[in-house]
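Undergrad: The structure that follows is given in the form of structure tokens.
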Amino acid sequence: MSESSTDTPAEPPEGRGDGAGTSKIEPAWRKLLGLGPADNAPRPVSYNATDLAQLAHVFEESGRGWFWSVDADLKITYVSPAIADRLGLAHSNMIGQPFQSLFRTDHQDGAGRINRSLPFVLGKRGKFSDLAVRATNPIVPAGQERWWSVSGSPVEGRGDNFRGYWGSALDITESRRSEAESTRLTASDTLTGLASRHRISQHLEKTLTAYKVAKRSCALLMIDLDRFKHVNDTLGHQAGDELLKQASQRLTRVTKEDWEVGRLGGDEFQVIIPDMDDRGTLGETAKRIIAIISQPYTIDGVRCVIGASVGVAIAPYDGITSAELTRSADLALYAAKNDGRGRFRFYSSDLHDEAEDRRQLEDDLRDALAQGEIRLVYQPVIEARTNLIAGFEALLRWDHPERGPVSPAVFIPVAEDANLIAPLGEWALRQACNDAASWPGAARVAVNVSPIQFAHEALPAIVAGALASSGLNPDRLELEITESVFLGDGADTEATFSALKKLGVRLALDDFGTGYSSLGYLKSAPFDKIKIDQSFVRDATQTINRNAAIITAIVSLAEALGMETTAEGVETLDTLDLIRKLKVSHVQGYVYSRAMEMAEIYERMDGDNLKIEPSGPEKTRSDRKTVLRTVGIIHEDHRYEVMMRNLSRTGALIEGLMDVPKGTKFVVDFGEGQLAVATVKRSRDDQQGLLFEVPLVSDGSDGLCTRHRISPYALAAAGMPLAALPPGKYPLIGHGSREGAARHFSLPTFAQSNKGKDAKRVA
Ligand code: C2E
Ligand code: CA
Ligand code: CA
């Protein structure tokens with residue numbers, strides 16, 4: 001070991017130590033170095049003060065810690081030289097400075113607790129340890145400061161005379177940072193104030209663990225904003241942030257106190273609803289969320305509109321652990337997105353990975369136009385008074401080589417997200433103009449224009465180009481625009497409107513009555529027609545809602561402003577009747593015709609056959625769908641497999657049981673714990689019409705599901721394994737897996753027809 005240099009700490013406070021006094025100094029250094037008492041340590045050599053100073057020097061050089069000493073005035077008498085560099089100070093200048101001047105005194109630890117400040121602690125002249133302080137350093141940028149954990153012991157002179165401190169400090173910057181990071185993660189999302197990703201996933205984890213024991217249910221809603229990316233790209237990130245804030249506030253407005261609402265990042269949100277397994281209520285909740293998010297926003301004076309899609313999974317049915325439940329909710333969300341925008345969807349085991357599906361669809365869509373897989377069909381628009389064809393709406397069709405026909409309701413949103421809507425829209429516009437120009441008569445053609453196309457300044461030029469190259473009279477072209485075009489810059493919207501009007505084309509306001517309809521637009525924008533949305537039209541025959549009254553108001557306003565009205569989606573004669581009574585001028589719907597191929601149009605026009613007689617069902621019925629699948633029917637002790645022929649919210653038609661008397665009560669087992677009590681209302685041979693005691697609810701897509709399910713815990717109690725529910729049907733309590741159990745079974749009451757036996761084989 002060398003002799004001490006000027007760098008080595010050899011001196012205790014007050015200068016002159018005795019230098020050779022190992023016995024006196026050693027314990028203090030040992031302590032500072034974190035060594036045990038000297039007595040316990042092996043003693044191969046005895047250190048003198050110089051050796052120990054050297055040891056300390058090695059430690060100091062490591063940068064992990066340092067030593068300090070102050071006099072009775074708390075001025076620095078010694079500080080490890082290495083620390084000067086780290087603090088960005090000259091070592092020589094540090095001696096004689098007040099010790100506390102090295103540190104900032106806003107001592108807040110990572111969790112936000114206020115520490116006692118260093119001057120206060122030093123002033124007490126007592127021993128202290130592990131005081132976390134932040135180094136003062138004007139040159140170091142914020143976020144890169146160093147943190148120290150400082151300890152000190154008073155040096156007492158004769159007769160309780162305070163002579164300063166000896167002390168050490170450790171660099172705790174790294175652990176501080178990770179602590180701060182984890183607090184950041186556990187706290188709320190800084191942008192929206194909702195729970196952060198970390199916190200909400202912890203919350204879910206905890207809730208599910210606790211609920212598993214208590215056998216309670218818990219719903220998880222996964223929410224994704226539609227068209228957010230578009231707003232972010234066109235209005236900028238700041239506007240995007242503001243939009244996320246406002247959307248979050250709205251989200252909290254429709255959620256209850258004991259629900260946990262969080263942002264997962266980006267435009268994804270999650271809601272945890274404890275003790276909830278009612279899919280009727282959850283569907284309503286999802287709809288409310290979608291509706292409130294879809295109202296227009298004003299950001300920096302600019303209007304904009306987004307939407308939302310929601311996926312719902314419920315523990316313990318769709319998953320027991322948070323990973324399982326999250327995956328299920330994710331799959332449901334993607335399924336909702338794939339159904340088009342503004343939808344919700346419940347998880348069901350037959351959902352496959354729709355995220356992958358959507359990516360694939362997007363890829364395929366890129367080539368679809370070039371491959372000639374996309375075409376237009378035309379649905380007649382009829383003058384209600386005369387039944388004469390007034391025009392046609394051009395509707396896109398995609399004949400996918402593997403999937404078959406893909407609905408535009410599915411692929412238009414995909415095209416919008418993938419920046420494919422501009423070429424697709426332009427193609428549709430040109431094609432429709434060319435087609436219409438070749439029609440024998442002078443029927444109009446209506447073309448749908450996506451709000452994204454509308455926001456593009458090139459639109460008027462594209463329309464002008466399509467008119468010019470087809471030679472179509474501008475008066476025969478009608479552009480259908482939805483209210484969401486009032487998104488974005490008001491001035492731009494107005495400029496586009498007036499440029500289009502100058503071209504002489506007609507404008508129609510599409511899908512009126514959905515979401516955020518405002519009659520205000522009608523007064524200011526130069527529309528020639530209002531298209532009343534089918535959901536609005538279809539409900540109008542029900543006396544419980546006020547749609548009919550609202551349609552009357554729309555019609556009289558439209559008449560006053562010289563606009564036409566079209567009722568969309570009219571399927572039944574009773575609706576047509578009502579629509580005519582309400583003086584809606586035009587009708588478009590299956591009651592007259594579905595979309596036609598070009599050839600059919602030529603035929604009609606050539607033959608001057610412009611009249612279409614309405615035909616269709618008399619009345620709007622509760623949506624009855626043809627389905628063909630097997631279900632279980634439980635009657636007394638028996639479970640039969642039967643074929644289900646159709647299904648509505650209120651009932652089903654089954655086939656397979658012979659001679660069942662009217663009034664018989666069944667339990668219908670739809671699988672996956674879905675049971676419905678039903679009464680036989682009609683019965684003939686092997687077919688029965690059933691009426692459900694509790695109506696089914698929408699699964700968000702085209703399907704129906706039961707409000708509640710038999711808990712997997714109940715199934716477990718009946719001998720089923722308790723895992724996240726595997727797909728498939730569950731034999732019922734007392735049947736299937738328990739067949740062998742010591743239970744007395746009666747004979748089956750009903751014989752099964754061949755259909756029933758087939759069903760059994762299929763199942
Ligand atoms: P939309 O503009 O509301 O078009 C009317 C939709 O309702 C069409 O569906 C039509 O087939 C359907 N429909 C008509 N009558 C009835 C009826 O009586 N009952 C029922 N249930 N449906 C009826 P489609 O062709 O699947 O189009 C769906 C949506 O896709 C359109 O809704 C439109 O928003 C969009 N779309 C279609 N073609 C284009 C296009 O060329 N460009 C753009 N941007 N969007 C398009
Ligand atoms: Ca339309
Ligand atoms: Ca429409």
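The values are calculated or read from the model by the stated rules, or taken from the named source; none is laboratory data. Note that the coordinates shown come from a computational prediction; the quantities given were computed from them, not determined experimentally. Reconstructed Cβ throughout: ideal geometry from the backbone, glycine too, with neighbour counts over all protein chains shown. Just the protein is used for accessible areas: all its heavy atoms, side chains included, with ligands, DNA and RNA removed. Shrake-Rupley method; radii C 1.70, N 1.55, O 1.52, S 1.80 Å.
Undergrad: Just need a number here: residues in the range 672-700 that are among the small types (G, A, S) and either over 32 Å from the mean Cα position of the chain (by Cα) or surrounded by fewer than 18 Cβ atoms within 10 Å (Cβ to Cβ) (or both).
TA: 3
Undergrad: Suppose we filter D226, D233, D278 for residues that are acidic (D, E) and buried (at least 22 other Cβ atoms within 10 Å of the Cβ); which single one remains?
TA: The match here is D226.
Undergrad: Take the conditions in contact (Cβ under 8 Å) with a residue 60 or more places away in the chain and away from ligand 2 (no atom under 16 Å from the Cβ) and apply them to A455. Does it pass?
TA: Here the answer is yes, as A455 does meet what is asked.
Undergrad: For the structure I just gave you, tell me whether V463 is within 16 Å of ligand 3 (Cβ to nearest atom), under 16 Å from L500 (Cβ atoms) and open to solvent by less than 10 Å² (accessible area, probe 1.4 Å).
TA: Considered against the rule, which asks whether it is within 16 Å of ligand 3 (Cβ to nearest atom), under 16 Å from L500 (Cβ atoms) and open to solvent by less than 10 Å² (accessible area, probe 1.4 Å), V463 comes out as no.
Undergrad: Do you know which residues across the range 339-382 are within 16 Å of ligand 1 (Cβ to nearest atom) and either more than 18 Å from L424 (Cβ to Cβ) or of a type in the set (K, R) (or both)?
TA: Passing the criteria: D339, R341, G342, R343, R375, Q379, P380, V381, I382.
Undergrad: I'd like to check something: does the range 422-432 contain any residue that is of a type in the set (D, E) and either buried (at least 22 other Cβ atoms within 10 Å of the Cβ) or within 11 Å of ligand 1 (Cβ to nearest atom) (or both)?
TA: So far as the range 422-432 goes, yes, one or more of its residues are of a type in the set (D, E) and either buried (at least 22 other Cβ atoms within 10 Å of the Cβ) or within 11 Å of ligand 1 (Cβ to nearest atom) (or both).
Undergrad: Mind checking which residues of the range 142-177 are modelled with pLDDT under 85 and open to solvent by 70 Å² or more (accessible area, probe 1.4 Å)?
TA: A142, Q144, E156, R158, G159, D160, N161, E174, R177
Undergrad: Another one. Within the bounds of the range 582-593, is there any residue that is among the polar types (S, T, N, Q), out of contact with any Pro (no Cβ under 8 Å at 6 or more places or on another chain) and in contact (Cβ under 8 Å) with a residue 40 or more places away in the chain?
TA: yes
Undergrad: Being within 16 Å of ligand 1 (Cβ to nearest atom) and modelled with pLDDT under 95 is the requirement here; does F512 meet it?
TA: Against the criterion (within 16 Å of ligand 1 (Cβ to nearest atom) and modelled with pLDDT under 95), F512 qualifies.
Undergrad: Can you say whether D435 is open to solvent by less than 70 Å² (accessible area, probe 1.4 Å), of a type in the set (D, E) and without any contact (Cβ under 8 Å) to a residue 40 or more places away in the chain, as far as the supplied structure shows?
TA: Answer is no for this residue.
Undergrad: Taking the options A461, A466, A418, name whichever one is under 35 Å from the mean Cα position of the chain (by Cα) and more than 16 Å from ligand 2 (Cβ to nearest atom).
TA: That would be A418, the only listed residue that is under 35 Å from the mean Cα position of the chain (by Cα) and more than 16 Å from ligand 2 (Cβ to nearest atom).
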